[in-house]
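Note sheet for the following structure.
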Amino acid sequence: MGVSWIDLELCNGCGRCELICPEDVLRLDRKEKKAFIKYLRDCQSCFLCELECPQGAIFVTPYRERRAVMPW
Amino acid sequence: MQEIISDILVIGGGAAGCFAAIKAKQSGISKVLLVDKGYVGKSGCSKFAAGSFKCFIPGEDDFELWFSKAVEEGYYINDQIWTRIHLDEVFERAKELEAWGLNFLKDRNGRFQRLEGQGSSKQRPIKTMMFQGPQLMDVLRATARKHSVRIMDRTMVTHLLHHANDRDMIAGALGFDLKTGRQKAFKAKAIILSAGAQAYKSHYAYQKMATGDAHVMGLRAGAAIKNYEFTCHHLSCADFDTTGMNVLQGTGARFMNSKGEPYMKKYDPEYGDHASMNRLSAAMACEVRLGNGPLYYDFGAFDAKSLDYFKKTLPIMYKAFERAGYIKGGKIKDRVQWVSVNMGNVGYGGGLDINTRCETSVQGLYAAGDATCGPASGVEGFSAYAIPFATTSGARSGLAASEYVRGRNDPLLDKEEVSFCLGELLAPLRRRDGVEPDYVVLKVQEAIFPMDVYLLRHGKRLEQALGKICQLRDEIVPRIKAYDTHYLRMALEASNIVTCAEMFLRAAIARTESRGSHLREDYPDIDNTKWLKWIVLKQENGEIVVSTEPIPVDEYPMKPERKIRRHPIASVMRWK
């Protein structure tokens, strides 16, 4: 959940997602030139990576990996 | 360790920080450095601002109405001088934003399209301006760069440093690069804290980076914290984190309980579904306690126009709704389960105490935006809406700090303090084993997130929660382990979350009355005979110390009657 997958065929390794992710969830494998999900449980499902990916390679779900404690 | 020298260091690159840095450059200061633990333009709560900009427009709006409502909803906790300044200056800031390229929604005649969202009623309409949410921070980053502000992304500042010859004066800060782990010592003649508030990583959209970093750094450097008992209660979809209440309220969504009854008129006869967040949240808790949960947000009144507004102003949330299947084929689901969320003090609520020049109680240290105690808004008040206040206080802090640094020499750091703070900063990385940051966050949430702790408060339950937090502080925080520099950020955030939870509980225990979002079952009255006071928190010898400061209401334009009255929610619930 959270950021669910990165389509590696579409990813061109531009590093945009690594640059902008507010929670430092995504990183770029510099050898393979592909983005990958490194710290999934910190993903806040904010959709920024999906919206800004020039290749449309990232898919985010609104359901976070870590659910906060609820009031009732 | 890298040493970086600047005239003004701005910590936190949201709307407040960008305004501060831009204004400092416009004042002619040469070295202005803006640092952020994310990427400026894509980080902080401002990035996800829900498109609402509550702006008083001279010539169009009634000043007395706006001012009186701000103070009334602020429950007289406002610094009314600040409230006036904010309303006086906010339209100037909006015009600047527009000139820099932000698109406010306009009608065919070029007039601002305005929506009646939160805190608007037929008798007393308050209209908000609307902008395309995510564009704001892109515009601000571009403008900062145009003004030659030096931007340092992915750098987390963790400690403030004092002048070697004057312990009461700020001289710099310490931090590290989140990717490389490289440590950085910043020397600065003045520092502006604009790194937002504390959201406890709650179930509210996109605020996970708001972990009270500015509050804790300021507290530890000797600055006073105010209004921490007034937490921000917000509302979200129950299934996943959402935002945008102003837009949804403004476009006709209604609250329903599990019996299908609209209940808000009972708790707030004037505003009903347009009520303020603390009233909506308290009403939700009461409905749940009465056995009427779960609660729903009913979109039955939504038409194509409402949906179009939703899409334009909240594109990210709109996408989440589509993905969850709540919006299909241009139609929105009739009702969606909704909950209250403790959002700490994002948007409004406590923070660093500032005067009208944005000076904290430590020389050379300024604060703006959510990092402050929200002096313009008091408990809540529509003027609180974070973005407008971020612009006015951000601009003011930048101008005041510019005046302060002129003619000052480069500061001198205290080597001993630097090495002590560095040791503290790196400690989680050096531990061989220990507790994960996530565990600490969860334990804090378990202590303060139940509705009978943060919404319907009672001295005994607050004390119990404080006991849990103090135990975490003493036994678990010293054992937090970071596997790498990403986890180091999370570890320091978790530690800040514990400190802020302690401040919240200590302030909430001290205020033995009810007022706005601070609703106590054991003290159900708003007591204007004893409690026209601010609660001030300071750190002395490592301990958080609580004191009070009388609010100079007699010097302010609006003076409340000095009497005791029942909190409206307590009246509905007939608490004794």
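The values are calculated or read from the model by the stated rules, or taken from the named source; none is laboratory data. All values derive from a computational prediction rather than experimental measurement. Cβ: placed from backbone, ideal geometry, glycine included. Neighbour counts: every protein chain shown.
The helices (runs of 4 or more DSSP H) found wholly in region B:269-345 and carrying at least 1 residues that are closer than 21 Å to residue B:455 by Cβ occupy B:277-289.
In region B:411-440, the residues that are modelled with pLDDT of 95 or more reach residues that are among the acidic types (Asp, Glu) with C-beta atoms within less than 8 angstrom, at least six apart or across chains, in these pairs: B:429/B:484; B:437/B:493. Residue check: is residue B:92 in a helix (DSSP H, G or I) and exposed (fewer than 15 other Cβ atoms within 10 Å of the Cβ)? Against the criterion (in a helix (DSSP H, G or I) and exposed (fewer than 15 other Cβ atoms within 10 Å of the Cβ)), residue B:92 qualifies. Residue pairs whose Cβ atoms lie under 7 Å apart, sitting 6 or more positions apart in sequence or on different chains, and linking a residue in region B:208-219 that is within 14 Å of chain A (Cβ to nearest Cβ) and among the hydrophobic types (A, V, I, L, M, F, W, C) to a partner that is crowded, with 24+ Cβ neighbours inside 10 Å and assigned to a strand (DSSP E or B), are B:210/B:198.
In region B:121-133, what residues are surrounded by fewer than 21 Cβ atoms within 10 Å (Cβ to Cβ) and touching a helix residue (DSSP H, G or I) at 6+ places or on another chain (Cβ under 7 Å)?
B:121, B:124, B:132
Checking each residue in region B:27-43 for being within 14 Å of another protein chain (Cβ to nearest Cβ), surrounded by fewer than 24 Cβ atoms within 10 Å (Cβ to Cβ) and of a type in the set (Gly, Ala, Ser) picks out no residue at all.
When you check residue B:45 against the structure, is it touching a helix residue (DSSP H, G or I) at 6+ places or on another chain (Cβ under 8 Å), closer than 21 Å to residue B:158 by Cα and of a type in the set (A, V, I, L, M, F, W, C), yes or no? The answer is yes for residue B:45. Within region B:327-350, the residues that satisfy the criterion of being crowded, with 18+ Cβ neighbours inside 10 Å and free of Cβ contacts under 8 Å to residues at least 40 places away in the same chain are B:327, B:332.
Name the residue that is farthest from the other protein chains (Cβ to nearest Cβ), counting only residues in region B:177-199 that are β-branched (Val, Ile, Thr) and in contact with a strand residue (DSSP E or B) (Cβ under 6 Å, 6 or more places away or on another chain). Steps first, answer last, please.
The initial filter retains those residues of region B:177-199 that are β-branched (Val, Ile, Thr), namely B:180, B:191-192.
From what is left, the residues that are in contact with a strand residue (DSSP E or B) (Cβ under 6 Å, 6 or more places away or on another chain) are B:191-192.
Working: B:191: 23, B:192: 21 Å.
Per the stated criteria, the residue is B:191.
Taking the numbered list (1) within 12 Å of chain B (Cβ to nearest Cβ); (2) surrounded by fewer than 23 Cβ atoms within 10 Å (Cβ to Cβ); (3) assigned to a loop (DSSP other than H, G, I, E, B); (4) in contact with a helix residue (DSSP H, G or I) (Cβ under 9 Å, 6 or more places away or on another chain) in turn, residue A:67 passes all entries but (4). Within the set B:265, B:259, the sole residue that is assigned to a loop (DSSP other than H, G, I, E, B) and without any contact (Cβ under 8 Å) to a residue 40 or more places away in the chain turns out to be B:259. Within region B:220-238, one or more residues are more than 14 Å from chain A (Cβ to nearest Cβ), assigned to a helix (DSSP H, G or I) and under 30 Å from residue B:161 (Cβ atoms). Would you check if residue B:97 is modelled with pLDDT of 95 or more and either within 27 Å of residue B:319 (Cα to Cα) or not in a helix (DSSP H, G or I) (or both)? Yes; evaluated as a whole, the condition is true for this residue.
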